[in-house]
Amino acid sequence: MKIVWLLYQQEDLSANRDYARLMRENGLKRDMKIETVLTRDLTLLLDENGTPSCLRKGRKERPDAVIARMREPLYSRHFERMGVPVFNGSEVCRICNDKRQTLQFLSGLPMPRTTFLTPFTPMPQDGPVIVKPACSHGGDRVELVETQFQWNDALEALQGEPALMQSVTRRPGRDLRVYVLFGQIVAGVMRTAKSGVVSNYKRGGNVALHDLSREECQLAEEVIARFDAAGAPLCFAGVDLLYEDYGPVVGEVEDVVGSRMLYRVSDLDVVGLYLDEIRRRI
């Protein structure tokens, strides 16, 4: 039986215990023992020759594969150096968990006008904007800013945290999550906010299965191809598209993508498909 570590940081595991249980149950059906492992229990080592290894609660251990569910590439990179397959890999983790890095990486594709904020960035005078932390997820602290007072409040709340400002798209509060499994589009889910601009499912957004248009498929495939060309394939990820009058634009790419929303609106066993491919590769 193959040993696979489902790697989490403590604060993320607390909200994802059902997903971890689903992974464990599906793994056993595929001759994989999937163990939930916390980064706090790991000690990463390099010996005098630079050979990497790992201690888990003080004991040297080496899994057959790692499913990375944390947003820090340090651990993924270490296991890759040990020769352990990691899904998604460290480069995907690095790019996707900082929205500035993501948009830089995808430059040349259609996207909202974006400014990387500093404490000295003035409020734009050409309409409302979206302000969001660069490294947040799940719609956390995404703010619609329309006045100077809101602008000052948003910058103060960031407390110097890296952040970005984006133009408001023509259909705010609506986006498309395109699910990608080992470089292939497997489903699309349209998310619509009940109010405001945050459409995330766990924040009350409405969701519906969506048949992708030719333009949506093309843009998502361009994103996938960009990662493939960089040697950083998307094993299981979500490509989020927003909408302008002229068509879809890139929002962001979710590395640690969930599946609760997809199971809610479809019969697709995406976790089973994910584990089938991992088992084939290890």
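Values quoted throughout were computed directly from the atomic coordinates according to the rules given, and no laboratory measurement underlies them. Note that the structure is predicted; figures quoted are calculated from it, not measured. In this analysis, Cβ positions are derived from the backbone assuming ideal geometry, glycine residues included, and neighbour counts consider all displayed protein chains.
Can you tell me what share of the DSSP beta bridges in region 2-87 is antiparallel? A percent to the nearest 5 is fine. If you can, show how the numbers build up before the last one.
Values: 7 of 20 bridges.
The antiparallel fraction comes to roughly 35 percent.
Restricting to DSSP loop positions (anything but H, G, I, E, B) with no more than 11 other Cβ atoms inside 10 Å of their own Cβ, which chymotrypsin sites (Phe, Trp or Tyr not before Pro) remain in region 234-272? Mind dumping the intermediate values first?
On the way: sites: Phe236, Tyr243, Tyr246, Tyr263; in loops: Tyr246.
Filter output for region 234-272: Tyr246.
Could you give each residue of region 63-79 its phi-based ³J(HN,Hα) in whole Hz, using Karplus coefficients 6.51, -1.76, 1.60 with θ = phi - 60°, and x for Gly or Pro?
Taking θ as phi minus 60°, the curve returns x, 7, 6, 10, 9, 7, 10, 10, 10, 10, x, 3, 5, 4, 5, 5, 5 Hz for region 63-79.
Would you mind ranking Val178, Val265, Val270 so that the residue whose beta carbon has the fewest other beta carbons within 10 Å leads the list?
Final ranking by Cβ density, sparse to dense: Val265, Val270, Val178.
Under the Karplus relation 6.51 cos²θ - 1.76 cosθ + 1.60, θ = phi - 60°, what is the ordered set of whole-Hz ³J(HN,Hα) values for region 114-129, x standing for Gly and Pro?
Karplus values, whole Hz, x for Gly and Pro: 9, 10, 7, 6, 10, x, 9, 5, x, 5, x, 9, 10, x, x, 9.
Going by how many other beta carbons lie within 10 Å of each one, how would you line up Glu156, Glu254, Glu215, Glu221, fewest first? Please list the in-between numbers first.
Working: Glu156 9, Glu254 22, Glu215 12, Glu221 17.
Exposure proxy ranking, most exposed first: Glu156, Glu215, Glu221, Glu254.
Report, in debye and to the nearest 20, how large the dipole of the chain comes out about its Cα centre when Lys and Arg carry +1 and Asp and Glu carry -1 on their Cβ.
Details: 38 positive and 39 negative charges, 193 e Å.
That gives the chain a dipole magnitude of about 920 debye.
May I ask for the percentage of alpha-carbon pairs in region 141-282 that lie more than 25 Å from each other?
35
Could you tally the net charge around Met32, taking each other residue with its Cβ under 14 Å from the Cβ of Met32, Lys/Arg +1 and Asp/Glu -1? Let's see the in-between values first.
On the way: positive: Lys2, Arg24, Lys29, Arg30, Lys33, Arg279, Arg280, Arg281; negative: Glu25, Asp31, Glu35, Asp64, Asp276, Glu277.
Around Met32, the surrounding residues sum to +2.
Given contacts defined as C-alpha pairs under 8 Å and at least six residues apart, what's the relative contact order of region 114-167, whole-number percent?
On the way: 73 pairs, mean separation 29.3, N = 54.
That works out to 54 percent.
Would you pull out the residues with amide H under 5 Å of Ala187's amide H, same chain only if 5 or more places away, H placed 1.01 Å from N?
So Ala187 has HN proximity to Tyr179.
Relative contact order for the chain: what percent, with Cα pairs under 8 Å and sequence separation of 6 or more? Don't skip to the answer; put the middle values down first.
Numbers: 512 pairs, mean separation 46.7, N = 282.
Relative contact order here is 17 percent.
What's the exposure ranking of Arg264, Arg177, Arg226, going from fewest to most Cβ atoms within 10 Å? It would help to have the intermediate numbers written out before the result.
Details: Arg264 12, Arg177 24, Arg226 19.
In increasing order of surrounding Cβ atoms, one gets Arg264, Arg226, Arg177.
Could you work out, for region 107-201, what percent of all Cα-Cα pairs fall into each 5 Å distance bin, beginning at 0 Å and stopping at the bin that holds the largest distance?
Each 5 Å bin holds this share of Cα pairs: 3, 12, 20, 23, 20, 12, 6, 4, 1.
Give me a comma-separated list of calculated 3J(HN,Hα) values for region 148-153, in order, Karplus coefficients 6.51, -1.76, 1.60 applied at θ = phi - 60°, integers in Hz, x for any Gly or Pro.
With coefficients 6.51, -1.76 and 1.60, one gets 4, 4, 5, 4, 4, 5 Hz.
I need the fraction of alpha carbon pairs in region 114-167 separated by more than 13 Å, rounded to a whole percent. Spell out each step's value before the answer.
Numbers: 739 of 1431 pairs.
Looking at region 114-167, the distances longer than 13 Å represent 52 percent of pairs.
Under the Kirkwood approximation applied to all pairs of distinct alpha-carbon atoms, what is the hydrodynamic radius of region 1-155 in Å?
Values: mean 1/r = 0.0545 Å⁻¹.
Here the Kirkwood hydrodynamic radius works out to 18.3 Å.
Within the set of other residues whose C-beta is less than 15 Å from the C-beta of Gln159, count the net charge using Lys and Arg as +1 and Asp and Glu as -1.
Values: positive: Lys132, Arg141; negative: Asp140, Glu143, Asp153, Glu156, Glu161.
Taking every Cβ under 15 Å from that of Gln159, the sum is -3.
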